[in-house]
Amino acid sequence: MRETQADQAKISTPGEQAAASAPKPRRPKPKSMVLLGEQTEALFENARLAKERGEKVGWSASIFPQEIPETLGLNILYPENHSAGIAVRHQADPFLQKCEGALGYSNDLCAYAKVNLVYASVLNEESEMELPDGGRLVKPDFLLLTNNICNQLTKWYENLARELDIPVFFIDTCYNPSDYVTESRVRYVRAQIDQLIRDLCEFTGKSWDDERFKEIMEISRRNSYLWERSYNLMDCKPAPLSGFELFNYMSAMVCNRGKESSTAVLEQLNAEIEEHIREGTSTFPTEEAFRVSWDGIACWPYLSHNLRTLKKYGVNMVASSYGKAWAINYEDLDGMARAYCFASTNGDNATTMIARRLEALKKFGCEGTIYHVNRSCKVMDCQMMEVQRQLSAQAGVPFASFNGDQADYRNYSEAQFETRIQGLVEIMKQNKEAKADD
Amino acid sequence: MIPMGLWGGQAELKLAKSYLPAFACPIMQADMEFGLNGTYEGLSAVIIPTICDTLRCMTQNWRFGVPTIPMIPIVYPQNRKSPASVDYLISEYETVLTVLSTVTGKMMNEAALCETIEIYNTHNAMMREFSRAANDHLDIITPVERHTVMKSAFFYEKSEHTAIVPNIVENLKTLPAYCCPDKRVILSGITCEPDELLEILRENGLCVVGDDLAQEMRQYRTDTPEKGGGGLRRLALQWNNRYGCSLIHELGKPRGKLLAELCRENEADGVICCLMKFCDPEEYDQPYYEADLRAGGYPCLTVEVDHLNAGYEQIRTRIQTFSEML
Ligand code: SF4
Ligand code: SF4
């Protein structure tokens, strides 16, 4: 018999908020989460202290080659992750209202951007609002931008740069319509990396050290490996964790990928998962009747509702695209150019996307896919219907979609989510029965 | 080959709904529908620049949804300050050429390319000249007429259009200048269509004296340099010289200044921002240029452009109020 454990302790945040917001746990918080909380605290505190010392602090896009600022010893914060934190704590409302009100933005825009643009204007004393975290995302002196996730980030950062009157250090990573990175892209991206290192050194007064870079690259590689490994351990049947819990650890990769503190968090996490496997336990709170994959960003404002509903039907989410999101392995700056050019949605032309998902569905023994139609995010949605159709046909696995948003709580219906999950469960059940009959 | 512009149109969405969510812009929705329902049959290929997130995805939707019309993606560089962007863009152009050659069995040669660049530059100059000349004849060149001249460029062979437009300009110049009692506005945005929308401007005593529309004058603002290397290199340099476009990364949010300058040059009373529905690149620019225009003393009205939606009553009222306010 497997032990089942209460779930609510574990659905807290995409990481940075873990320490601050988690409801009272019924079981002791795993040590990995404690370490993660400390890491998050350190990230914000170090940035604050650096600011106090008069050092320059930056904000960065989440899939920027952070090995660069890490090598330079710069303090960097991550708006996407921060906005997700605000959303998961149900604090986004005043930001969204102000963004669409006083700041005059369309409600069509990405809610991460909306939250952050307001946050920035408050830091800049152009808007008034009490910041729910007291302003710990300190005002930046520069921005680090890549467009390998989406084009909205480019526009969002243009606006931040104008609002805060600060420079943007930009690596244009060029979307890949082909299944590989063309050599012309590698040359262009590499040239930008070289220039960016020079410009950033000049701006911050830091100097580049090749040896340090190699060390950071090594740490980063180890962290990517540990991250992927923790996801891969979910292939055990039943899975050792309630899959949503892994979302909590994202900040170790988004904000601290080149740090040894992430190695500690992820080694601990791997050890905890292995222990579950050894002991035959799981943190999934009920019997794992169905295994599914999750497509798209988490629906942060309704994570608990998602989990409660899935639990009700014994559905465990054992695979998501986050598993390979930071599998950015390379050995030198050319390799870095190639890797970041193919990272995230930049490498998601439909064939690559389908191949990646097909592999995951097989590896993790998924019986269905839940696909989050994320109102904020055109880049992840506008080709998804065709991808899901082909994927479902090739894998013989059904999918259900639901409307949501990664940060705007207004774009979700609990009833719709439940109905869609019910429908999916029904088909998965029939498939299971048919298989049993064979 | 004759390049044509695919700017969507008034369509009833049926097939596109299986490819795009409801919050993709109306241009892409209509383009997808026309691709799927055969309206675009006859095209040898479609070139899709991935300059926004929706367009990125469109490359993939087209690839699978409309396999009878080959899709050629092009990924323009956005870090134009990087000198390496030029060689990169040349290689993108070369990829486009390779696919075009495969599709058509024809090869490009340098002389033909240089000649074409010259025609395009002449055409740009003609369109700018037309835009200026039209302002003295706003009785004839109504908003709809102006738009028709602009849009027709996408459906003629360039040399043909380059020959027609000077005729229009010459004919206008033979007429006495018309002293227009109407208010003068500049249009900004992606497109200002369909004609019903432009008619509302006229009904409310507004005439268009200039524009910053992606479909219209943004096409003609920047010439290809005459020097700087072979044809492809010069075309790449032209991309790097473009400015004031929401789809090209630029710091400082320069559109407010650009629009104020357009107002000054054309003695415009205000700006109408034609905000394409669900067009996020434009939506990020709009609050800044609107604020900058206001600060510069130019009133600005934002209307939502959605040619898939037939209802114009609300827009009519808002344009009327704006016109009265001017
Ligand atoms: S949620 Fe989508 S649109 Fe927003 S920053 Fe992320 S990738 Fe871009
Ligand atoms: S730029 Fe705007 S109008 Fe053009 S395809 Fe993208 S979203 Fe649509």
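The table below lists the values:
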{"item": "Stretch gain in nm, segment A:A355-A:E52, where the contour uses 0.36 nm per residue and the Cα spacing is subtracted", "result": "104.3 nm"}
{"item": "Theoretical FRET efficiency, 1/(1+(r/R0)^6), r = Cβ-Cβ of B:I164 and B:R264, R0 35 Å, to 0.05", "result": "0.70"}
{"item": "For the range A:284-384, alpha-carbon Rg and Dmax in angstrom", "result": "15.4, 48"}
{"item": "Listed residue (B:I168, B:A22, B:C180) projecting farthest to the positive dipole end of the protein assembly as shown, Cβ model", "result": "B:A22"}
{"item": "Solution diffusion estimate, µm²/s, Stokes-Einstein, the range A:31-437, Kirkwood Rh from C-alpha pairs, 10 °C, viscosity 1.306 mPa s", "result": "72 µm²/s"}
{"item": "Long-range HN-HN contacts of B:I74 with modeled amide H, under 5 Å", "result": "B:I48, B:T50"}
{"item": "Folded to 0 to 90 degrees: helix B:231-241 orientation relative to chain B principal axis, Cα", "result": "40 degrees"}
{"item": "Low-density loop positions, chymotrypsin sites (Phe, Trp or Tyr not before Pro), the range A:177-241 - DSSP coil, at most 16 other Cβ in 10 Å", "result": "A:Y180, A:W208"}
{"item": "Cys with no candidate disulfide partner in chain A (beta-carbon separation under 4.7 Å rule)", "result": "A:C99, A:C110, A:C150, A:C174, A:C201, A:C236, A:C255, A:C299, A:C341, A:C366, A:C377"}
{"item": "B:A125-B:L15 pseudo-label distance in nm [points 7 Å out on the Cα-to-Cβ vector]", "result": "4.4 nm"}
{"item": "Dipole axis of the protein assembly as shown (+1 Lys, Arg; -1 Asp, Glu on Cβ), positive-most option in B:V99, A:T173, A:L307", "result": "A:L307"}
{"item": "Nitroxide proxy distance, nm - points 7 Å out along Cα→Cβ at B:V144 and B:R294", "result": "3.4 nm"}
{"item": "Net charge dipole size for the protein assembly as shown [Lys, Arg +1 and Asp, Glu -1 on Cβ; Debye, nearest 20]", "result": "1380 debye"}
{"item": "Relative contact order, percent, chain B [alpha-carbon distance under 8 Å, six or more residues apart]", "result": "18 percent"}
{"item": "Other protein chain Cβ atoms within 10 Å, averaged over every residue that makes up B:61-71", "result": "2"}
{"item": "Pairwise FRET efficiency - A:D334 versus A:E275, Cβ, R0 = 45 Å, nearest 0.05", "result": "0.65"}
{"item": "Cβ crowding within 10 Å averaged over residues, with A:39-48, A:284-293, A:63-72, B:306-315 ranked highest first", "result": "A:63-72, A:284-293, A:39-48, B:306-315"}
{"item": "Amide H partners (placed H, <5 Å) of B:V271, local residues excluded", "result": "B:I186, B:C300, B:L301"}
{"item": "Translational diffusion of the range A:175-301, µm² s⁻¹ [Kirkwood Rh, Cα pairs; Stokes-Einstein; 20 °C; 1.002 mPa s]", "result": "121 µm²/s"}
{"item": "Chain B: angle of helix B:143-152 to the longest principal axis, Cα-based, in degrees nearest 10", "result": "10 degrees"}
{"item": "Per residue value of the accessible surface for chain A (all protein chains in place, 1.4 Å probe), Å²", "result": "36 Å²"}
{"item": "Check: the range B:16-104 dipole with +1 on Lys, Arg Cβ and -1 on Asp, Glu Cβ, in debye", "result": "200 debye"}
{"item": "Label-point separation, A:A42 to B:D195 (7 Å along Cα→Cβ), nm", "result": "6.9 nm"}
{"item": "Average partner coverage of A:384-394, which counts Cβ from other chains inside 10 Å", "result": "3"}
{"item": "Dipole magnitude (debye, nearest 20) for chain A, charges at Cβ of Lys, Arg, Asp, Glu", "result": "840 debye"}
{"item": "Exceeding the 31 Å Cα-Cα cut-off - candidates A:K29/A:K56; A:K31/A:K237; A:K29/A:K311; A:K259/A:K311; B:K81/B:K173", "result": "A:K29/A:K56; A:K259/A:K311; B:K81/B:K173"}
{"item": "Average projected area [Cα convex hull, the protein assembly as shown], square nanometres", "result": "33.8 nm²"}
{"item": "12 Å cut-off, amide nitrogen to a point 7 angstrom out along A:Q422 Cα→Cβ, residues in the range A:258-291", "result": "none"}
{"item": "Cβ crowding within 10 Å averaged over residues, with B:179-186, B:88-95, B:30-37 ranked highest first", "result": "B:30-37, B:88-95, B:179-186"}
{"item": "Partner chain coverage, peptide A:40-51 - average Cβ within 10 angstrom", "result": "0"}
{"item": "Helical mean residue ellipticity (222 nm; -39500 (n - 2.57) per DSSP H run of 4+; nearest 500) of chain A", "result": "-16000 deg cm²/dmol"}
{"item": "Percent RCO, i.e. relative contact order, over chain A, from Cα pairs under 8 Å lying at least 6 residues apart", "result": "20 percent"}
{"item": "Residue-wise HN-Hα coupling along the range A:321-327, computed from phi with Karplus coefficients 6.51, -1.76, 1.60 (Hz; x: Gly, Pro)", "result": "5, 5, x, 9, 4, 10, 7"}
{"item": "Largest to smallest principal axis extent of the C-alpha atoms in the range B:16-104, angstrom", "result": "42, 33, 16"}
{"item": "Distant-in-sequence amide H partners of A:S401 (H built 1.01 Å from N, under 5 Å)", "result": "A:Y371"}
{"item": "Label zone at B:C114 (point 7 Å along Cα-to-Cβ), backbone N below 20 Å, the range B:206-236", "result": "B:223-236"}
{"item": "Directionally averaged shadow of chain B, computed from the convex hull of its alpha-carbon atoms, nm²", "result": "16.6 nm²"}
{"item": "Accessible surface buried upon B-A contact (total; probe 1.4 Å; Å², nearest 100)", "result": "4200 Å²"}
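The values are calculated or read from the model by the stated rules, or taken from the named source; none is laboratory data. Predicted model only: the values in this text are computed from it and were never measured. Glycine gets a Cβ as well: all are built from the backbone with ideal geometry, and neighbour counts include every protein chain shown. In case anyone asks, the SASA skips ligands and DNA or RNA and just uses the protein heavy atoms, side chains included. Shrake-Rupley method; radii C 1.70, N 1.55, O 1.52, S 1.80 Å.
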